[in-house]
Amino acid sequence: MNRHDRGGARAPIAIAAIAMIAASLFLSCQTKPAQVATPAAAVPDEKLIARGRDAWNKKEPSAAREHWAALQDAAKRATYVGYVDSYESLGKDLDAAFAAEVDEQAKFDAAYGRARKALASFPSDLKVPEEVKDKAAKIAAVRVRALLDARRTASARELAQSASEAYGDKYDLPAMLKEADLLLATQKSEAKVDATLEKARGEEEFYSKVALYEEATAAYEKAESSLSEQAEKDGSSETAAVSAQAARLKKKKQDSRIEMERRLRERQYSFKDRIGEEFARVPEGDKLGSMTKEEMLAFEAEKKANIDKEYEELRVFHERFPAVIDAGMLAEIDGQRKALESRIAKVEAEIRTAKEIASRGKPVAPLLIGLFNPQPGAKGADQKSRPAALRGTTRGAPDYWWGMEEISKGAMNDLVVTVNDERTVRVFAENTKSGARVGDKGLKDLVNRTYKIGNSWPVLNAGAQLPSTLYFVEVQEGKKPSYEGEVVIYSSFIARQR
């Protein structure tokens with residue numbers, strides 16, 4: 001066999017060998033596991049959760065996203081990826097809460113609420129950096145203080161309590177919680193006293209009104225003292241919120257006392273005014289200038305009875321409130337009372353001798369005359385205009401009147417008689433008997449005719465010219481029988497006419 005024949009015989013053997021090796025490899029592949037990398041989808045969710053937790057705790061929360069995003073369980077994937085999303089939004093929410101103004105409570109509540117919910121939602125095996133919790137606590141503390149200072153105490157307390165429970169006793173949160181509790185208790189007491197004060201303002205019966213004012217004033221003072229004492233114990237006496245609350249209570253206490261004292265002063269002056277008005281009261285209608293002696297006596301007796309009743313109420317009032325009104329005011333009222341008692345004595349004296357002096361003529365009503373235009377700067381109800389009224393009829397003879405003047409000795413005041421027509425008026429200082437001496441030359445007419453203006457007949461410096469409190473007016477006949485007019489005391493009749 002030649003060389004070529006041997007080579008041709010080996011070829012089938014080689015092919016068979018190759019076939020056997022290939023078959024062997026095929027069988028080997030069928031019986032041994034493949035040595036290749038396992039795809040991520042085949043990693044159990046428990047391992048992915050653990051890997052994400054390690055990345056969160058050892059690196060940073062955002063590093064857990066790639067592991068948890070591969071979770072096969074959709075619910076678990078949403079939960080764990082949600083933790084990462086919440087954490088990444090946490091910082092923005094805290095910044096937004098910190099930036100909210102005090103009056104933007106809704107904005108703060110929304111941002112801080114999301115942050116607080118996120119911090120509370122993380123499982124215990126996911127560690128949140130302490131600086132994040134510390135930031136949340138600090139923001140809460142700043143907000144609590146701002147709310148306290150803005151008198152939004154209930155909101156401040158709620159935030160202080162929740163922040164303290166969530167982040168611990170940081171940034172004086174427990175102290176501010178106690179401060180809020182103190183302020184809320186004080187404000188509750190304040191509201192009750194406010195209601196008492198409002199009740200006092202609406203009360204009609206005077207003594208009940210004063211009693212309510214006293215109750216409110218004492219209650220404000222008690223609340224103020226209690227706040228000061230408790231704040232001193234708690235160490236919050238110097239805070240702006242406590243100081244502002246203390247100032248509010250103090251002002252309300254002062255306002256209540258001032259209102260009560262004003263009511264008391266008004267009450268006292270009302271006595272003075274009512275007594276003065278009673279003195280100035282004149283008969284109504286046709287009675288003026290036409291009253292009989294008996295009617296005049298009854299009228300004056302009625303006035304005295306009314307004045308005595310007012311004085312009795314005034315006495316009870318002073319006995320009930322001896323220390324409320326200042327001494328100067330009491331002295332003024334006492335002086336007024338003495339002056340009124342003196343006037344009453346004069347009227348009573350005239351009433352007792354009414355029958356004896358009735359023949360002098362008809363009395364001018366009212367008998368007592370007040371200043372028409374007092375001195376500049378003069379004050380008081382006794383300075384009011386109280387002209388004496390003249391009204392009557394002359395039939396064949398002069399009409400004769402008498403009255404009582406109110407001119408202090410030493411005061412250069414002028415008494416002026418004015419009638420509504422051009423008839424003659426004369427004024428005398430002396431007494432007469434049935435008017436018989438009116439025409440006597442011995443009786444001096446006091447009218448200063450040089451200064452007469454129109455139908456006004458002045459007696460200048462009447463206080464020096466009248467030896468007693470009485471004056472006598474003669475109204476002569478005129479073209480018409482009826483006339484009317486008035487008697488007035490001027491501080492200066494001449495200056496007034498100029």
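Fully extending the segment from residue 422 to residue 72 would add 113.6 nm, taking 0.36 nm per residue of separation and subtracting the current Cα-Cα distance.
Karplus-derived 3J(HN,Hα) values for region 176-192, using 6.51 cos²θ - 1.76 cosθ + 1.60 with θ = phi - 60°, are 5, 5, 5, 4, 5, 4, 5, 5, 5, 5, 5, 5, 5, 5, 4, 4, 5 Hz; glycine and proline are entered as x.
Quick one: of 58/117; 138/178; 222/272, which pairs are farther than 25 Å apart, Cα to Cα?
222/272, as the Cα separations exceed 25 Å there.
Near the amide H of residue 411, within less than 5 Å, lie no amide hydrogens of residues on another chain or at least 5 residues away, with H placed in the peptide plane.
In this structure, the amide hydrogen of residue 390, modeled 1.01 Å from its nitrogen in the peptide plane, lies closer than 5 angstrom to those of 485, 486, 487, counting only residues at least 5 positions away or on a different chain. For region 50-61, the Karplus equation 6.51 cos²θ - 1.76 cosθ + 1.60, evaluated at θ = phi - 60°, returns couplings of 5, 4, x, 5, 4, 5, 4, 6, 8, 10, 7, x Hz by residue, with Gly and Pro reported as x. For residue 472, nonlocal amide neighbours, meaning residues 5 or more places apart or on other chains whose placed amide H falls under 5 Å from its own, are 428. Couplings 3J(HN,Hα) for region 93-103, derived from phi with the Karplus relation 6.51 cos²θ - 1.76 cosθ + 1.60 (θ = phi - 60°), are 5, 5, 5, 5, 5, 5, 7, 5, 6, 4, 7 Hz, where x marks Gly and Pro.
Read the figures in this text as sums done on the coordinates, not as results from a lab. Quick caveat, the model's predicted, so the values are computed rather than measured.
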